[in-house]
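Below is one structure, written out as structure tokens; comments come after it.
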């Protein structure tokens, strides 16, 4: 997200879901849309029925390939090579958008030199994608002026995640496929309110609305708004918090609605870090793996039990309404925080959710036009700067906030851990259709458990035959960090040498194996590629 | 554009629109069972028959495109007699068990039978009997209630792109089948359930939890992925009994298996119900005052001794904007550090 913001000005999806229908070319890279965003996939299928051409690039033959004109089955972590290669084809064949490049961008000539080495032959070697398919994809995307790119964690969850995002942005910039209706770059948000949690600045370097904490005039504005003096120093990210806790420099943590023991890479490290804390508070709806380590556990309420708003992947602020009462003495998180803050001697200055949104709009103009009354039926997309502003369907209609869009040269770097003699497979992780994230919600739904309750590792038939692994047979998957025993699912979805484990199952947790190597800019862990060995047990 | 007349009302509509759509546009209601605004027309149920001046016999309005100068009559003694006969034929092969049907009160067929006052049936006779139950965990398929309107087949193909079901067999033996007539094994999005005009397709977990009476509907937003589908919770006795979505929403009424059928965690017995404080490695129940006082004391002490940067907060993409805003404000303004993050990266 930070990667995209640095280039275009915002890290959000530039188009809206409705606009998918009007796209001519849909390029999906590193997103298993049909399983992780099924209803967005419905829109893509609608576009397909209207004649849109779909390109899918993924290490796995994901269900969306049923509708794709071209499927580029790539090696995990070779995205930069593919994207640079496609860009080079577009330049060589003169398909670039010359007008857009000269009017709206900078750094083109220098960047052009940097992609020179990504010849189709070289790219094919790095990615495993047949040369002609890559060229065809480049032509399809490059010739269109109404194309959308969609990506999720398959692009970002790499130690080179920021580079991947830059390479995506370069491709859109090269063709001018940005800033118009049905034309743009669209990171799909994996969780209901990731967009909102980011907007609200549960982030260590910014105040609400992406306003930097290390700029004096910004800090002064917030000091005035909140009536308190604030720290001028950027905080640490979630993954760094764990390291700091282990090192002893962070002594207390307050975790609201998160299960980092399960969702962070390299699980043993996370447990060690949280155990080392002097004091841990966890506020959640279930006794999660993380809550078990806490000193105090507070019972929270879940979405159907409270009023508020969520901001979806297309920046739309939508109304969440209370439908049932929480169980026992469980309370909504907002009232708990207000209460606790008072005990620490600070009055939050609001009591109801609508008052919070009003304050949010006062400190961040992009939300100032949104109130509960206006979003009673349909949500509004920010920026929405006044009470009569209709909201913003797609970004950059009137240019880019930073002026020119930079081309940022990026070069291919293999994953931090590559397959070797001892760990000959590349493990990639993700979600499946039925389960959700750490499973604390879906695994408590009987019907879902009965249908998709077993952990599994996807392995190619050739590999399975060689290792004498049978379908549904137990295998041991080992990495440098740990090992899990898990049932094999033999499928051509994955290529030879690649295995896939969904992240949801605590009894065979993928994150025991994954690498906690981080992207140097945004500190995202490399969930999508690490080296493992597989053997029948 | 085409100038047409519907039941004596002059109107101008876009070329290519069907007669049924044109009529609905100006508020003229034509009954239909197989037609669905988001699916291609089928013309299977024959309820939407209309008379068009110059046409030798009534035509199905859902499959007839308008053309300039058309004069359409949507209701007449002949038309109503035909519709009544069609309904009688459908009902002659439909179990009369509305009393125990999950969809009673939300069933288009039931409404039409009510509207036409059909109690006796001239065509009563043999009925299809299907004893095999589909063993899938999500969708109840009661084929005896199926009127073969084909909406489920179309939605599964056109919208979901799955093609899990189709028409099988002929005539009286016709039914909606899966491949090899196995148990349904699809994405279980339940789009078919949402478009079924009868009780043939329902959610298995809905059964006996509540239909219409005493059920309150609340519109909200799904709490799974970032798409932000608008959903409607159906609640009875503080329990969610159904999740549906309306057609005029951002998501056009479509949901996925998690959004439609993944709500039972809310009432899970595992839910935390009291604040808990750990003492000697064991959790014990505490009051909110005890728990919050303890947290405040410990945070104050650590802040005093080690500085605010020794404290960190982790928030959640599960929580609302308001909760997240309050949380970061709490960490920044009340604790005094910028050590706050959430799970966007994970």
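The values are calculated or read from the model by the stated rules, or taken from the named source; none is laboratory data. Keep in mind that this is a model prediction, so the values were computed, not measured. Glycine gets a Cβ as well: all are built from the backbone with ideal geometry, and neighbour counts include every protein chain shown.
Remarks
- Residue match in region A:383-393 (condition: in contact with a helix residue (DSSP H, G or I) (Cβ under 6 Å, 6 or more places away or on another chain), within 14 Å of chain B (Cβ to nearest Cβ) and within 22 Å of residue A:213 (Cα to Cα)): no
- Residue in region A:452-474 that is in a loop (DSSP other than H, G, I, E, B), at positive phi and in contact with a helix residue (DSSP H, G or I) (Cβ under 9 Å, 6 or more places away or on another chain) present: no
- If you go through region A:128-138 and keep only what is under 10 Å from residue A:85 (Cα atoms) and in contact with a strand residue (DSSP E or B) (Cβ under 8 Å, 6 or more places away or on another chain), you end up with just A:134.
- Screening region A:263-368 for strands (runs of 3 or more DSSP E) wholly inside it with 2 or more residues that are within 7 Å of chain B (Cβ to nearest Cβ) and farther than 27 Å from residue A:10 by Cα returns the ranges A:279-284, A:296-299.
- Boolean, residue A:202 is at the interface with chain B (Cβ under 9 Å from one of its Cβ atoms), on the phi < 0 side of the Ramachandran plot, surrounded by fewer than 19 Cβ atoms within 10 Å (Cβ to Cβ) and in a loop (DSSP other than H, G, I, E, B): no
- Checklist (1) in contact with a strand residue (DSSP E or B) (Cβ under 8 Å, 6 or more places away or on another chain); (2) farther than 23 Å from residue B:187 by Cα; (3) not assigned by TED's automatic domain parsing to the domain that holds residue B:21 applied to residue B:62, failing item: (3)
- Residue satisfying all of: in region A:223-240; facing chain B (nearest Cβ under 8 Å) and not in a loop (DSSP other than H, G, I, E, B); farthest from residue B:336 (Cα to Cα) among these: A:239
- Test: residue B:326 is surrounded by fewer than 23 Cβ atoms within 10 Å (Cβ to Cβ), within 7 Å of chain A (Cβ to nearest Cβ) and part of a helix (DSSP H, G or I): no
- Leading residue by the ranking (surrounded by the fewest Cβ atoms within 10 Å (Cβ to Cβ)) among those in region A:21-36 that are modelled with pLDDT of 95 or more and assigned to a loop (DSSP other than H, G, I, E, B): A:24
- Count of residues meeting criterion [touching a residue at least 40 places away in the same chain (Cβ under 8 Å) and surrounded by fewer than 23 Cβ atoms within 10 Å (Cβ to Cβ)] in region A:482-498: 6
- Among the strands (runs of 3 or more DSSP E) confined to region B:78-196, the ones with at least 3 residues that are closer than 30 Å to residue A:47 by Cα are located at B:165-168, B:175-178.
- Checking residue B:196 against (1) more than 14 Å from residue A:38 (Cβ to Cβ); (2) crowded, with 24+ Cβ neighbours inside 10 Å; (3) at the interface with chain A (Cβ under 9 Å from one of its Cβ atoms), the condition it does not meet: (3)
- The conditions of being out of contact with any helix residue (DSSP H, G or I) (no Cβ under 8 Å at 6 or more places or on another chain), buried (at least 21 other Cβ atoms within 10 Å of the Cβ) and either assigned to a strand (DSSP E or B) or on the phi > 0 side of the Ramachandran plot (or both) are met by residue A:77.
- Within region A:47-58, the set of residues being within 18 Å of residue A:188 (Cα to Cα) and either facing another protein chain (nearest Cβ under 9 Å) or under 22 Å from the mean Cα position of the chain (by Cα) (or both) comprises A:54, A:55, A:56, A:57, A:58.
- Complete set of residues in region A:241-257 that are at the interface with another protein chain (Cβ under 7 Å from one of its Cβ atoms), outside any strand (DSSP E or B) and within 24 Å of the chain's Cα centre (by Cα): A:241, A:257
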